[in-house]
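Take a look at the structure below.
Every number in this text was worked out from the coordinates using simple rules, so none of it is lab data. Treat the numbers as computed from the prediction; the structure is a model and nothing was measured. Here the Cβ positions follow ideal geometry from the backbone for every residue, glycine too, while neighbour counts run over all protein chains shown.
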Amino acid sequence: MKKQTALKKVKVIGAGLAGCEAAVFLANKGIKVELYEMRPIVKTPAHKTENFAELVCSNSLKSNSLENASGLLKEELRRLGSFLLKVSKNCSLPGGKALVVDRNAFCKFATESVLKNPNISVKKEEVRCIEDNNPVIVATGPLTSDAMMNEIKRMVGEEFLFFFDAIAPIVDGETINMKKVFFADRYGRGEGDYLNCPMNREEFDIFYDELMRADTVNEREFEKISFFEGCLPIEEIARRGKDALRFGPMRPVGIFSPSDEKYYAVVQLRRENMKCESFNIVGFQTRLKHKAQEKIISLIPGLENAKILRYGAMHKNCYINSPALLDKYLRLKKNPNIFFAGQITGSEGYVEAMATGLYAAMNCHRQLLGKEMVEFSTATAIGALIDYITNPKNSDSFQPMNINFGLIEMPEIRYHKRRRRNEVAKKSLAEIDEKMKLLD
């Protein structure tokens, strides 16, 4: 293997989740990788550090349960050897059923691991031209630079698609009034990993009325707002009515206080690190102006005097029309030497970015060796995800999407939902294990 791959080289553009996953997989296979990252030379509206694999929005990688599509995808990736899921294990925080990480430790550990890999050469510069004399994996993410966007548009002959994404505020743990809040998980599933700020009806009504009056950052006139439904700003949810909040990010169901008191609404906070120095306000992504965020957060019981460490913000995410442009191996149809991975493909979510990075790297590696390409059926989460973003039938109305059971092939026999999902997981993981034997 080493003799076959000694002269092989791959360029990976972008050191986000997909890029790091791809670079490490190839490097561990003996491929020389040039990993390009434009930050800090060229900054983005959302990144805060110079580290690789930065988690921009949340510090949650969603559920670990196999009864959840994201949990199934994670287990598949673990069995396929995901580098970043190994990193997450070293940086995990209590989060109930969810995989929650210390985001600073996560990206620092990932960066150090990449820099130490002898087969990865890191280039801190913006790539403005894609050369295809060697295979290339484009993993520039949803915040691709203008120069790279223009280069991709030149190659594919199409404009980018886009939507707006939002980030939730982070508050200082020391400024929370702990007498008004309590640790608990929904339905007691965990060890009290979330901090809960309960509201009675009067408090909720005051909060809602103020939220509806709050000032938002105005979009540019020429940009029609198109939000990702899975990450709507809190003020947009509120416009759908009070119950949209009470049955959404502020739902009180399943949260029991030490005194068994019932609440009208609850705001949950998720710790950012093990010391509880800072907390993310769960589901409170926003495009409110800073003063408005301060006012709204101060109306949450326990957060009256909370110091905001990071304000919520909105940014524009771009992606290509993958079903029209990419083949089932994530290669550009016009040039099979160019692969795409990550959120620029229209996959949405951290784990989905890792999955596409790993999948692109696996096929790039096999293409270099002249071997049969890798495919996974739609009975697996990774196969269903790849099918969604590359199936030509989706090209006319393509929108970013997280992995979900609606994409995965279901058993023909009708079961109760929980049993049906367990059957899906059993079949999926059996296929992954069998495929790994063939690949090895």
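What is the sum of charges around Phe398, taking Lys and Arg as +1, Asp and Glu as -1, for the other residues whose C-beta is under 12 Å from the C-beta of Phe398? Let's see the in-between values first.
Values: positive: Lys393; negative: Glu158, Glu348, Asp396.
Net charge around Phe398: -2.
Which of the residue pairs Lys62/Lys316; Lys86/Lys426; Lys11/Lys427 have a Cα-Cα distance greater than 28 Å in the structure shown? Please report the intermediate quantities before stating the final value.
Values: Lys62/Lys316 23 Å; Lys86/Lys426 22 Å; Lys11/Lys427 35 Å.
From the list (Lys62/Lys316; Lys86/Lys426; Lys11/Lys427), the Cα-Cα distance tops 28 Å for Lys11/Lys427.
Can you compute the equivalent ellipsoid semi-axes for region 300-373, i.e. the square root of 5 times each eigenvalue of the Cα gyration tensor, sorted largest first and rounded to whole Å? Could the numbers behind the result be given before it?
Working: eigenvalues 301, 40, 14 Å².
After diagonalising the Cα gyration tensor, the semi-axes are 39, 14, 8 Å.
Report, in degrees rounded to the nearest 10, the 0 to 90 angle that the Cα long axis of helix 201-213 makes with the longest principal axis of the chain.
Value to nearest ten degrees: 60.
Between Asn422 and Asn119, with labels modelled 7 Å along Cα→Cβ, what's the label distance in nm to one decimal, could you check?
4.0
Provide the FRET efficiency to the nearest 0.05 for the Lys153-Glu191 pair, computing r from the beta carbons and using R0 = 51 Å. Mind showing how you got there, number by number?
Working: r = 49 Å, r/R0 = 0.97.
Once the sixth-power term is evaluated, E becomes 0.55.
For a test of the definition: using alpha carbon positions, the gyration tensor, and the 1.5 limit on a/c, classify the chain as rounded, prolate or oblate. Numbers along the way, then the final one.
Numbers: a/c = 1.79, a/b = 1.54, b/c = 1.17.
Prolate, since a/c reaches 1.5 and a/b exceeds b/c.
Which angle between 0 and 90 degrees, to the nearest 10, do you get for helix 350-369 versus the longest principal axis of the chain when only C-alpha atoms count?
The angle comes out at about 0 degrees.
With each pseudo-label sitting 7 Å past Cα toward Cβ, what's the Asp132-Ser259 distance in nm, one decimal?
Here the answer is 6.8 nm between the modelled labels.
Starting from the 7 Å offset along Cα-to-Cβ, what nm value, one decimal, do you get for the label separation of Lys291 and Lys333?
Calculated label separation equals 5.2 nm.
For the pair Glu372 and Glu412, what calculated FRET efficiency results from E = 1/(1 + (r/R0)^6), where r is the Cβ-Cβ distance and R0 = 22 Å, to the nearest 0.05?
On the way: r = 29 Å, r/R0 = 1.32.
Efficiency for this residue pair is about 0.15.
Rank Asn317, Asn335, Asn196 by mean-square fluctuation in a GNM of the chain with C-alpha springs under 10 angstrom and give only the top-ranked residue.
Asn335
May I ask for the longest run of the chain untouched by chymotrypsin sites (Phe, Trp or Tyr not before Pro) that are loop-located per DSSP and have at most 14 neighbouring C-beta atoms (other than their own) within 10 Å? Provide the component values of the computation, followed by the final result.
Values: sites that count: Phe222, Phe247, Tyr415.
Looking at the chain, 1-221 is the longest stretch - no exposed chymotrypsin sites (Phe, Trp or Tyr not before Pro) with at most 14 other Cβ atoms within 10 Å.
What is the calculated FRET efficiency for Ser298 to Asn404, with r their C-beta to C-beta distance and R₀ = 60 Å, to the nearest 0.05? Don't skip to the end; give the middle numbers.
Working: r = 36 Å, r/R0 = 0.60.
That pair, Ser298 with Asn404, gives E of 0.95.
Which three numbers, in whole Å and largest first, are the semi-axes of the equivalent ellipsoid of region 345-440 derived from its Cα gyration tensor as √(5λ)?
On the way: eigenvalues 109, 74, 25 Å².
Its equivalent ellipsoid spans semi-axes of 23, 19, 11 Å.
For the Cα atoms of the chain, what angle does the longest principal axis make with the long axis of helix 69-79, in degrees from 0 to 90, nearest 10?
Roughly 40 degrees between the two axes.
Could you name the aspartates and glutamates in cross-link range of Lys291, using Cα to Cα under 12 Å and dropping any fewer than eight places away on the same chain?
By straight Cα distance, Lys291 reaches Asp215.
So what is log10(I(q)/I(0)) for region 166-316 at q = 0.10, 0.12, 0.14 1/Å, when the Debye sum runs over its Cα atoms only?
Debye intensities relative to I(0), on a log10 scale: -0.33, -0.48, -0.65.
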